[in-house]
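Take a look at the structure below.
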């Protein structure tokens, strides 16, 4: 027993004296082990040695990306339309000769109609205005003994004096009116009509085509609404059936 106790005491003393060496040895061993493991792992990475994969708990069958896999974007496999290789016809670019030396042609060669504004000539050779057109004020009518508007121009003269067409046109009516006496109408276009009243007689018939200045009748005193004025011709103008001032179409010289 004494020998055994003595051995234990010696062992404890030896351990106490050398404990630092044991600790240093363990530390060195640990450092060497860590360095060795690090070098082995780096070498495995260089040689693309895959480490042991953990247990795959992926139950949805999706692909697992492993270290070292070359990951690239998926290539679009959508087919593209083939390039149209159909040969095209060469474009003809003929040289167009200059027409600068030729007279230009009208855009519509068949349309030669020129609109000429209508100008009335006086319906008598010698102008003597007894009463002018007035629709914005009242004038005295000595025959009817009242003030009233006047929708025409009254030219006076000798009975039988020639009455002339104020412009080119077609005779469209010859009639008699109690107040206006014998009257004649000429259409100059689709809108404009001139009327000659208080005529003694007429020298044309309906449908005749007359020119400006042609004799269409003679001056008389058949208009009973202005009988006191004597021989006369009452000259009126209408546009689309409405009375207008004949002075709009009469030249100043004719008055």
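When you scan segment 185-200, how many residues do you find that are assigned to a strand (DSSP E or B) and farther than 13 Å from residue 220 by Cα?
Qualifying residue count, segment 185-200: 7.
Somewhere in segment 221-234, is a residue modelled with pLDDT of 95 or more, part of a loop (DSSP other than H, G, I, E, B) and under 17 Å from residue 120 (Cβ atoms)?
no
Which of the residues belonging to segment 201-215 are farther than 18 Å from residue 125 by Cα and outside any strand (DSSP E or B)?
204, 205, 206, 207, 208
I need the full set of residues from segment 161-182 which are surrounded by 17 or more Cβ atoms within 10 Å (Cβ to Cβ) and either within 10 Å of residue 223 (Cα to Cα) or in contact with a helix residue (DSSP H, G or I) (Cβ under 7 Å, 6 or more places away or on another chain) (or both), in order please.
Those that are surrounded by 17 or more Cβ atoms within 10 Å (Cβ to Cβ) and either within 10 Å of residue 223 (Cα to Cα) or in contact with a helix residue (DSSP H, G or I) (Cβ under 7 Å, 6 or more places away or on another chain) (or both): 180, 181, 182.
Being under 22 Å from residue 127 (Cβ atoms), modelled with pLDDT of 95 or more and not in a strand (DSSP E or B) is the requirement here; does residue 218 meet it?
Spelling it out, it is not the case that residue 218 is under 22 Å from residue 127 (Cβ atoms), modelled with pLDDT of 95 or more and not in a strand (DSSP E or B).
The values are calculated or read from the model by the stated rules, or taken from the named source; none is laboratory data. Every value quoted in this text rests on a predicted model; they were computed, and no experiment measured them. Neighbour counts are summed over all protein chains in view; Cβ atoms, including those assigned to glycine, are modelled from backbone coordinates with ideal geometry.
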